[in-house]
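Bear in mind these aren't lab numbers, they're just calculated from the coordinates by the rules spelled out. Treat the numbers as computed from the prediction; the structure is a model and nothing was measured. Using ideal geometry, Cβ is built from the backbone for each residue, glycine included, and neighbour counts are taken over all protein chains shown.
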Amino acid sequence: MAKKETELAVQSGAELAEFKELAGDMDGLVTVRKELLKIPRIKLTQKMSNVCGDLAKEGEFASEVLGVNYGETVTIIPLCIGESASFMEKGKNTATCWSKNLLANTDGVLCKDCPHGEYWNDWDSHTPECKTSIDIICLVKNATIDGAISLDPIEINFRKMNFKAGRSIVNMVTRDKYGVPFGSSYKLSSKMATKDIHTFAVISDVVEKAELDAGEVRVIIPIARDFLEMKKRGMVEVEAEIVEEAVDTDPPAAPTEECPL
């Protein structure tokens with residue numbers, strides 16, 4: 001190996017060791033209670049969405065609060081990952097019952113004692129109408145402006161037919177070489193799907209992963225530290241309760257193993 005290549009390899013190994021050393025301090029980033037600091041959401045625009053036609057077209061990722069249209073693809077860098085569950089009555093577009101942690105709903109009632117008889121993990125008697133969601137608070141990597149990273153956290157939810165894409169990210173995050181959620185970026189794309197007579201936008205199951213370079217990770221580290229501190233103090237809250245704008249669809253199958261969050 002040439003001298004220059006050897007020096008680069010040594011430098012890369014030292015940086016990797018440094019980032020892995022941080023992993024133990026940041027384990028808490030993978031599950032989060034969101035309380036006081038409001039974080040906006042990225043949503044996949046549906047035909048009946050409030051922003052459809054104004055801010056974004058059907059099948060485009062957008063944040064109504066930020067007034068930003070990301071287009072048909074968006075590249076995210078996870079800061080933390082959690083799970084939630086929500087029960088939505090037929091004909092309504094807001095959650096009737098919502099759990100932030102899969103253990104109890106927002107009124108303190110245990111999920112296993114679901115007052116609606118729709119416990120999200122009870123697949124023995126029927127397919128539960130309470131659906132789980134993988135919730136990722138992330139930064140956005142702009143693909144058009146020199147790959148700049150937005151420094152403002154935003155959340156994106158993976159429910160129902162989008163669940164596979166979220167689970168794919170989870171599994172890649174847990175195997176990231178840096179040992180932190182933000183060691184790589186993940187490119188999401190939208191596609192159109194059809195169920196019965198309904199056509200709607202979904203997030204493609206194919207998620208493109210790209211490792212961040214050491215400089216990009218260094219930019220994110222102080223943001224992640226500040227976010228983790230706010231999380232520990234209960235100072236994080238997302239934009240609003242879950243709103244389901246796509247056609248009501250079930251996940252492809254009952255879960256067979258626990259997501260390794």
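The figures follow:
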{"item": "Per-peptide average of other Cβ atoms within 10 Å, ordering 180-188, 205-213, 83-91, 150-158 highest first", "result": "180-188, 150-158, 83-91, 205-213"}
{"item": "Mean Cβ count within 10 Å, highest first, over the residues of peptides 59-68, 168-177", "result": "59-68, 168-177"}
{"item": "Extension reserve of the Lys232-Lys177 stretch, reckoned as 0.36 nm per residue once the Cα distance is removed", "result": "17.3 nm"}
{"item": "Entries in Lys43/Lys112; Lys43/Lys92; Lys112/Lys160; Lys100/Lys177; Lys100/Lys187; Lys38/Lys191 that, when Cα-Cα distance is taken, lie over 24 Å", "result": "Lys43/Lys112; Lys100/Lys177; Lys100/Lys187; Lys38/Lys191"}
{"item": "Extension gain, Asp107 back to Ala214 (0.36 nm per residue minus Cα-Cα distance, nm)", "result": "34.2 nm"}
{"item": "In the range 91-157, the trypsin sites (Lys or Arg not before Pro) that fall in loop regions by DSSP, at most 15 other Cβ within 10 Å", "result": "Lys92"}
{"item": "Calculated FRET efficiency for the pair Lys92/Asp54, C-beta based, R₀ 30 Å, to 0.05", "result": "0.80"}
